[in-house]
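J.: Quick one: the structure is below, questions incoming.
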Amino acid sequence: MLQGRGCVGGHLGDARSSGFGQSSEPTTWGNCRRPKGLWDIRQWRSPGRSTPPASASLSSRRRRERHSSHPDADIITRFPGLSVLPGARVLAEIGGDRERFADARAMKAYAGAAPVTRASARSHVVVARTVNNQRLASAGHMWAFTALWTQAPRAHYDRRRAGGERYTAALRNLFNKLLGCLYHCLRNRMPYDVERAFTAPVALAA
């Protein structure tokens, strides 16, 4: 994904790439400039080409190999919605130092998954956290969205929606829960267990 303030004189101001291992050295891309290593999707969609360039496939394969060799890779990729490349992005943002975050709440706040509560004598408001790691928050949104294809996360999401939450709030809550489970599994070197992660809701007696 390419971001910036716009094209100025045929160049892209403050261009940044969210990809892994890509150089910020610019190359021409139409009337703008793009980071070296990003291939234009229009090139391989042209007639006679139905697959991305070999360099893109090679880069993706190298990322998969590097992620698979990490000691936390097996734990991360067991989570619903986290395949190799999304898992590599999450791992890159939280880092490999398990002492970096004091507890799961610290990691959730860093990712923007934990809400912010503003309370006073007259009001009590819960809002989304805006100060966070934007890359991890973006990866977490896609992680939670992909996890909806599995039963337990979908049931959790549906319960939040039935309780009156909007789509973004319910999805953020699912990311918050998954991230807390990931913290616990990484700290204790345990595999993901859906039964422990998503316990059945307890029905209260009337």
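The values are calculated or read from the model by the stated rules, or taken from the named source; none is laboratory data. This one's a predicted model, so the numbers in the text were calculated from it and none came from an experiment. Positions of Cβ are backbone-derived with ideal geometry, glycine not excepted, and every protein chain shown enters the neighbour counts.
J.: Could you tell me whether any residue of region 68-75 is touching a residue at least 60 places away in the same chain (Cβ under 8 Å) and surrounded by fewer than 16 Cβ atoms within 10 Å (Cβ to Cβ)?
T.: yes
J.: Take the conditions part of a loop (DSSP other than H, G, I, E, B), of a type outside the set (A, V, I, L, M) and surrounded by 11 or more Cβ atoms within 10 Å (Cβ to Cβ) and apply them to Phe101. Does it pass?
T.: yes
J.: Shifting gears a bit: Let me confirm something: among Val125, Val131, Val116, which residue is in the same structural domain as Thr77 (by TED's automatic domain parsing) and surrounded by 13 or more Cβ atoms within 10 Å (Cβ to Cβ)?
T.: From the options Val125, Val131, Val116, the qualifying one is Val116.
J.: Just give me the residues in region 78-115 being of a type in the set (Phe, Trp, Tyr) and under 20 Å from Arg189 (Cβ atoms), in sequence order.
T.: Correct list: Phe79, Phe101.
J.: Just checking: which of the helices (runs of 4 or more DSSP H) contained wholly in region 38-92 hold 2 or more residues that are touching a Pro at 6+ places or on another chain (Cβ under 9 Å) and at pLDDT 55 or above?
T.: 73-76
J.: I've got another one for you. Taking the condition of being within 21 Å of Glu195 (Cβ to Cβ) and outside any helix (DSSP H, G or I), how many residues in region 131-156 meet it?
T.: So the count comes out to 3.
J.: For region 147-206: of the residues being loosely packed, with under 13 Cβ neighbours inside 10 Å and of a type in the set (S, T, N, Q), which is nearest to Ala109 (Cα to Cα)?
T.: Thr168
J.: Restricting attention to region 128-146, report how many residues are of a type in the set (Val, Ile, Thr) and closer than 19 Å to Ala106 by Cβ.
T.: Qualifying residue count for the region: 2.
J.: In addition: Can you list residue pairs whose Cβ atoms sit under 8 Å apart, with the first residue in region 125-143 being under 15 Å from Thr168 (Cα atoms) and in contact (Cβ under 8 Å) with a residue 60 or more places away in the chain and the second being surrounded by fewer than 17 Cβ atoms within 10 Å (Cβ to Cβ) and hydroxyl-bearing (Ser, Thr, Tyr)? Count only pairs 6 or more apart in sequence or on different chains.
T.: Ser138/Ser18
J.: Next question, about the same structure. I need the full set of residues from region 157-172 which are assigned to a helix (DSSP H, G or I) and touching a helix residue (DSSP H, G or I) at 6+ places or on another chain (Cβ under 9 Å), in order please.
T.: Tyr157, Asp158, Arg159, Arg160, Arg161, Tyr167, Thr168, Ala169, Ala170, Leu171, Arg172
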